[in-house]
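Visitor: First the structure, then my questions, so here it is.
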Amino acid sequence: MGKDVIIACDFSSKEQTFEFLDKFSGRKPFVKIGMELFYAEGPEIVKEIKKRGHKIFLDLKLHDIPNTVKKSMNVLSRLDVDMTNLHAAGTISMMEAAIEGLTRPDGTRPLLIAVTQLTSTDQERMENDLLIKEPIDKVVMHYAGNAKKAGLDGVVCSPLEAEKVHSICGKEFLTVTPGVRFADGDVGDQKRVMTPAEAKKIGSDYIVVGRPITAAEDPVAAYERCIAEFVD
Ligand code: C5P
């Protein structure tokens, strides 16, 4: 799969989501559906967006015992999404079980991506709350290595980590990077950001862009700008 821009559809209802997607006449962007929209509208929203011709990254970040994750991934594989994810903290066995569950009878499956440490977790919280004493970048790279060992396709990471992930896990191992902002745009609550052009330069495979597109005066133009900077 080539480089692409994934729009984070962080809306709370299907009405808002379709009002947004209807602006893209003719264009069918790759979209990310997160927990908020999925829990509000259920699997039907995934089916409807798929029917409209979009690729879908279903961002539900599964983390449970291997058997439960395997069965849940099996259900998700039937929704025909293109990409989904889980927490690498669930261990290699859990990730292997996830792949098994996600693989359809014909051998195909959606891309499976791991979350390493959430960007909301810093060194202090990791040490004090989780009792993990190693440096956070070492933990992130170790979890990425575990995901690769388990047979996953890549990780969600900050654009600043993408280069290192590729150097450790190989060029083919996908890096899906949020925290993207235009050079002249609002940073908002994101701390460590990159422009789409910089993300391209350091080798991100997919950028996940929310508010710079969803809150733009002209979302289609903002999306096209991301494509022009990151893909073309
Ligand atoms: O609006 P914005 O571009 O900041 O949205 C980024 C999207 O990526 C949101 O859906 C956010 O939850 C997600 N994300 C993130 N940082 C992570 C993982 C996911 O911003 N580490």
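The values are calculated or read from the model by the stated rules, or taken from the named source; none is laboratory data. Keep in mind the model is a prediction, meaning the values are calculated, not measured. Cβ sites come from the backbone with ideal geometry, for glycine too, and all protein chains shown count toward neighbours. SASA here: full protein model, heavy atoms, side chains in, ligands and nucleic acids out. Shrake-Rupley method; radii C 1.70, N 1.55, O 1.52, S 1.80 Å.
Visitor: Under a crude label model (7 Å from the Cα following the beta-carbon direction), how far is ILE202 from SER12 in nanometres?
Guide: My value for the distance between the label points is 3.3 nm.
Visitor: Local charge sum around LEU79 (other residues, Cβ-Cβ under 15 Å, Lys/Arg +1, Asp/Glu -1)?
Guide: Taking every other residue near LEU79 into account, the sum is +4.
Visitor: Counting other Cβ atoms within 10 Å of each Cβ, which GluC sites (Glu not before Pro) in segment 149-207 have at most 13 and sit in a DSSP loop?
Guide: GLU172
Visitor: Sticking with this structure for a sec: Under 5 Å between amide H atoms, partner at least 5 residues away or on a different chain: which partners does LYS32 have, H built in plane at 1.01 Å?
Guide: Residues meeting the amide H criterion: ILE7, ALA8, CYS9, PHE57.
Visitor: How high is the relative contact order of the chain, in percent, with contacts defined as C-alpha pairs under 8 Å that are six or more residues apart?
Guide: Contact order relative to length: 19 percent.
Visitor: Taking a ≥ b ≥ c as the square roots of the Cα gyration tensor eigenvalues, with a/c under 1.5 meaning rounded and otherwise prolate when a/b beats b/c, else oblate, which class fits segment 4-230?
Guide: In terms of gyration-tensor shape, oblate.
Visitor: Calculate one ³J(HN,Hα) per residue across segment 169-181 by plugging θ = phi - 60° into the Karplus curve 6.51 cos²θ - 1.76 cosθ + 1.60, and present them in order as whole Hz with x for glycine and proline.
Guide: Once θ is set to phi - 60°, the couplings for segment 169-181 become 9, x, 5, 6, 6, 6, 10, 10, 10, x, x, 10, 9 Hz.
Visitor: What is the calculated FRET efficiency for ILE168 to THR103, with r their C-beta to C-beta distance and R₀ = 25 Å, to the nearest 0.05?
Guide: After rounding to 0.05, the efficiency reads 0.45.
Visitor: Right, something else. To the nearest 0.05, what FRET efficiency results for LYS149 and HIS63 with a Förster distance of 22 Å applied to their C-beta separation?
Guide: 0.80
Visitor: In addition: Of MET83, MET35, MET194, which is the most mobile in a GNM of the chain whose springs link Cα atoms less than 10 angstrom apart?
Guide: MET35
Visitor: Still on this structure, please answer the following. Expressed as a whole number of Å, what is the distance separating the alpha-carbon centroids of segment 43-73 and segment 82-109?
Guide: 11
Visitor: Long-range amide H contacts for LEU111: which residues qualify at under 5 Å (H placed 1.01 Å from N, peptide plane, sequence gap of 5 or more or a different chain)?
Guide: Close amide H contacts, sequence-distant or interchain: MET83, THR84.
Visitor: Compare VAL115, VAL75, VAL208 in a GNM of the chain, Cα atoms joined below 10 Å, and give the one with the largest fluctuation.
Guide: VAL75
Visitor: Shape call for segment 155-232 from the C-alpha gyration tensor, a ≥ b ≥ c root eigenvalues: rounded (a/c under 1.5), prolate (a/b greater than b/c) or oblate?
Guide: Judged from the Cα gyration tensor, segment 155-232 comes out prolate (a/c at least 1.5, a/b above b/c).
Visitor: For segment 107-232, which whole percent of the accessible surface, found with a 1.4 angstrom probe, sits on carbon and sulfur atoms?
Guide: Answer for segment 107-232: carbon and sulfur cover 52 percent of the accessible area.
Visitor: While we're here: When a/c reaches 1.5 or more, the comparison of a/b and b/c decides; with that in mind, is segment 53-182 rounded, prolate or oblate per its Cα gyration tensor?
Guide: prolate
Visitor: With the chain treated as a Gaussian network of Cα nodes joined by springs under 10 Å, which of PRO29, PRO43, PRO110 yields the largest mean-square fluctuation?
Guide: Answer for the Gaussian network model of the chain: PRO43.
Visitor: Ignoring ligands, DNA and RNA, what accessible area per residue does the chain give at 1.4 Å, in Å²?
Guide: 49
Visitor: Please list, ordered by chain and number, the residues whose modelled amide H lies under 5 Å from the amide H of LEU60; skip anything fewer than 5 residues away on the same chain.
Guide: The list, which skips near neighbours in sequence, is ASN85.
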